[in-house]
Amino acid sequence: MGYPHKPHPRETPVISKHFGDPEARSLAGWKARGGYRALEQALAMPPAAVIDVVKNSGLRGRGGAGFPTGLKWSFMKQDDGKPHYLCCNADESEPGTFKDREIMRWTPHALVEGCAIGAYAIGAQRTYIYIRGEFTEPIRAMEAAVAEAYAAGLIGGNAMGTGKQVDIHVHKGAGAYICGEETALMNSIEGRRGNPRVKPPFPAVSGLFAQPTTINNVETLTAVPHILNNGAEWYKAMSLSNPKSTGTKLFSACGNIAKPGNYEVVMGFPFRDFLYDLCGGPLPGRKFKAVIPGGSSVPIQTMAEAEATLMDYEGFVAQGSMLGSGGAIVLDDAQSMPRMIARLTRFYAHESCAQCTQCREGTAWTTKILDRIVAGHGTFEDLDTLLSIADNMTGKTICVLSDSCATPVVSGIQKFRDEFEALIAGRRSSTVAMGGHAVARAGASA
Amino acid sequence: MSAHAEDARYEPVFVGERRKRLDVILERYPTKQAALLPALWMVQEARGWVSEDAMAEVGAALGITQAYVKGVVTFYTMYHQHPVGKYFIQVCTTTPCLCSGADKVVDAFLDHTGCKELGLTSPDGKYTVIEVECLGACGFATPVQVNADTIENVTAEKVPEILAGLK
Ligand SMILES: Cc1cc2nc3c(=O)[nH]c(=O)nc-3n(C[C@H](O)[C@H](O)[C@H](O)COP(=O)(O)O)c2cc1C
Ligand code: SF4
Ligand code: FES
């Protein structure tokens, strides 16, 4: 749902509190809403103390992997005499995910402030906010906010008059999902092809320009000023299920659902209520069939699994999936699962950087077989072949894009095998039944 | 800049104001090469696409070879290596948008622009239509990017009106 929209009474708007309020976009408006108090406070603390607050809050990365943020920051050696860098990952290209876009559009200063605090904590003189090239409006908003923060002396060579150097620059990407992978993003900033790097070395040892580097997601960094303002205990207390998942999280919902959009809830919120209450349930006359809950790279859930899920890192795992980036793709009973999965693997085939054989060949081959099944020309052996390819694509490559392509195939065949078999047996062709030919045509143009 | 010699009509991009802007950008990075993506963006904004001559100019400005620049240009989908229509229309058809009817939006754009096929420019030079992977706006299906603007919630029915607004 677009903004402005009123939060649902069961939402807990922290990060999204000022979404839809145009006045919150300017520096003056942001300050009037409490902005930059947290930065001022942080700059008066030793960096290690800032890291401790974030550690104690239990904040975990919102970009996909859920790594504890304070711990990640503590990997940066203080005072090693080297230049340090902070990268803010605003590449947001995971299908189903569109939360960072709204943070940057509506509250750009919240992200500037979060970046400045993070940079100070890890001793980074320079921060790059890497924003995907298609995000023209978020880029304009972030560039304007950074310029305002410089002009007001909040950041720069003498941030808030403390003598600390906190430089922040916006770096515009140029179209490549893989640049959201942390080391590919660093290569992209360095003016290279966006190929992921072999790890180790890890970024905290040798990252951007071969210097110690930390990378964090937009939403992760935006949570930090709230934690400093209200305290680690306040954040930690926002947890409905597992104490290892704390705070609020912006979840996106899209696909066949009555009210798609972003909703901010406390970790551990029941997924059932999220889908039926906050997002308004299915479209009229339809029934939900499946959910891919954490962006397209996580296992598909059946509705029984989804309805039993508590929305936190552990809760999604307990029900056969992962929280990922928190973008739920909902599919209803009018959709053909093989067709929807085929389009997803086509995405990964298009986005593979092609360094690893398993990924380059596997994503393309998988897509070819799935397209064949969707067109009604599949065989039962194709299903075994798909699973065998998926096995060869998992856990064997430089980055996990390859695994991400295998995931919907494996979980799809496991949980919706009857739909694949029906197509193969010739009972129904997805392309004909659904009246669509985008998949076939995309093949022609790829 | 050997390619410049081949085409005497090539006019350099990085002169005057644009050269100054590039110098400001160079200050932001510890290496010159890191200004490559921003420099290519400046070329595309000025010329609409990135020609071989432009790659040579960018390489010379940043101390890297034309071949290296080309290697980077070809990795990223947003740099045009050929001229495109005045309105470059990108329709997202990744799964969340496909399940919401994005394929019908693609059809409508092809029909109403006179573009015969995806990726081809209409005979009047006005439109190029392509399918694009997830635009990061899946809750507003179907998002369509027209040059630098994103239009949300596009349906096949709205396409004629959207095209009429592009004057
Ligand atoms: C193929 C791929 C794409 C990714 N895309 C993104 C992305 O668009 N945004 C993001 O924040 N993280 C993305 N990640 C995760 C990042 O590599 C990294 O884990 C994250 O930015 C760390 O930030 P966090 O600890 O704050 O979550 C991606 C990972 C992979 C493997
Ligand atoms: S797994 Fe795929 S995307 Fe990742 S590095 Fe290998 S080829 Fe590139
Ligand atoms: S799938 Fe179309 S915008 Fe994400």
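The values are calculated or read from the model by the stated rules, or taken from the named source; none is laboratory data. Because the structure is a prediction, the values reported are computed rather than measured. For neighbour counting, all protein chains shown are included, and Cβ atoms are generated from backbone atoms with ideal geometry for every residue, glycine included.
Against the condition within 30 Å of B:GLU133 (Cα to Cα) and either modelled with pLDDT of 95 or more or basic (Lys, Arg) (or both), how does A:ARG10 come out, does it pass? Talk me through it step by step, then tell me what you get.
Values: within 30 Å of B:GLU133 (Cα to Cα): no; either modelled with pLDDT of 95 or more or basic (Lys, Arg) (or both): yes.
The answer is no for A:ARG10.
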Only one of A:GLY96, A:GLY123 that is surrounded by fewer than 24 Cβ atoms within 10 Å (Cβ to Cβ) and in contact (Cβ under 8 Å) with a residue 60 or more places away in the chain = A:GLY123
List pairs: first in region B:85-112 and closer than 23 Å to A:ALA349 by Cβ and outside any strand (DSSP E or B), second of a type in the set (A, V, I, L, M) and within 16 Å of ligand 2 (Cβ to nearest atom), Cβ under 8 Å, 6+ apart or cross-chain?
-> B:THR94/A:LEU344; B:THR95/A:LEU344
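Examine region A:63-74 for a residue that is on the phi < 0 side of the Ramachandran plot and without any contact (Cβ under 8 Å) to a residue 12 or more places away in the chain, and state whether such a residue exists. Write out each step before concluding.
Just the residues of region A:63-74 that are on the phi < 0 side of the Ramachandran plot, to begin with: A:63, A:65, A:67-74.
Of the ones still in play, those that are also without any contact (Cβ under 8 Å) to a residue 12 or more places away in the chain are A:65, A:67.
For region A:63-74, residues on the phi < 0 side of the Ramachandran plot and without any contact (Cβ under 8 Å) to a residue 12 or more places away in the chain: present.
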Can you confirm whether region B:150-166 contains a residue that is under 30 Å from A:LEU250 (Cα atoms), polar (S, T, N, Q) and within 16 Å of ligand 2 (Cβ to nearest atom)?
-> no
Scan region A:317-336 and report the pairs whose first residue is over 18 Å from A:PHE288 (Cα atoms) and whose second residue is not in a loop (DSSP other than H, G, I, E, B), with Cβ atoms within less than 6 Å and a gap of 6+ or a chain change.
-> A:MET322/A:PHE316; A:LEU323/A:TYR313; A:LEU323/A:PHE316; A:GLY324/A:GLY295; A:SER325/A:GLY295; A:GLY326/A:LYS249; A:GLY326/A:PHE251
Sole residue being surrounded by 20 or more Cβ atoms within 10 Å (Cβ to Cβ) and either within 16 Å of ligand 2 (Cβ to nearest atom) or closer than 21 Å to A:ILE51 by Cα (or both), chosen from A:LEU228, A:LEU250 | A:LEU228
Run down A:GLY362, A:GLY324, A:GLY280 and say which single residue is at positive phi and either within 16 Å of ligand 2 (Cβ to nearest atom) or within 19 Å of the chain's Cα centre (by Cα) (or both).
-> A:GLY324
The correct count of residues that are within 23 Å of the chain's Cα centre (by Cα), not hydroxyl-bearing (Ser, Thr, Tyr) and not in a loop (DSSP other than H, G, I, E, B) in region A:200-214 is 1
Single residue of region A:93-130 satisfying the filter (assigned to a loop (DSSP other than H, G, I, E, B) and away from every other protein chain (no Cβ under 14 Å)) that is nearest to ligand 2 (Cβ to nearest atom) | A:GLY123
Of the residues in region A:281-312, those that are over 19 Å from A:PHE416 (Cα atoms) and surrounded by fewer than 22 Cβ atoms within 10 Å (Cβ to Cβ) number 6
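Could you grab me the full set of residues in region B:62-87 that are away from ligand 1 (no atom under 16 Å from the Cβ) and within 12 Å of another protein chain (Cβ to nearest Cβ)? Break it down stepwise before answering.
Initial filter on region B:62-87 (away from ligand 1 (no atom under 16 Å from the Cβ)): B:62-74, B:79-87.
B:LEU62, B:GLY63, B:ILE64, B:TYR68, B:VAL69, B:LYS70, B:GLY71, B:VAL72, B:VAL73, B:THR74, B:TYR79, B:HIS80 - these are the residues of region B:62-87 that are away from ligand 1 (no atom under 16 Å from the Cβ) and within 12 Å of another protein chain (Cβ to nearest Cβ).
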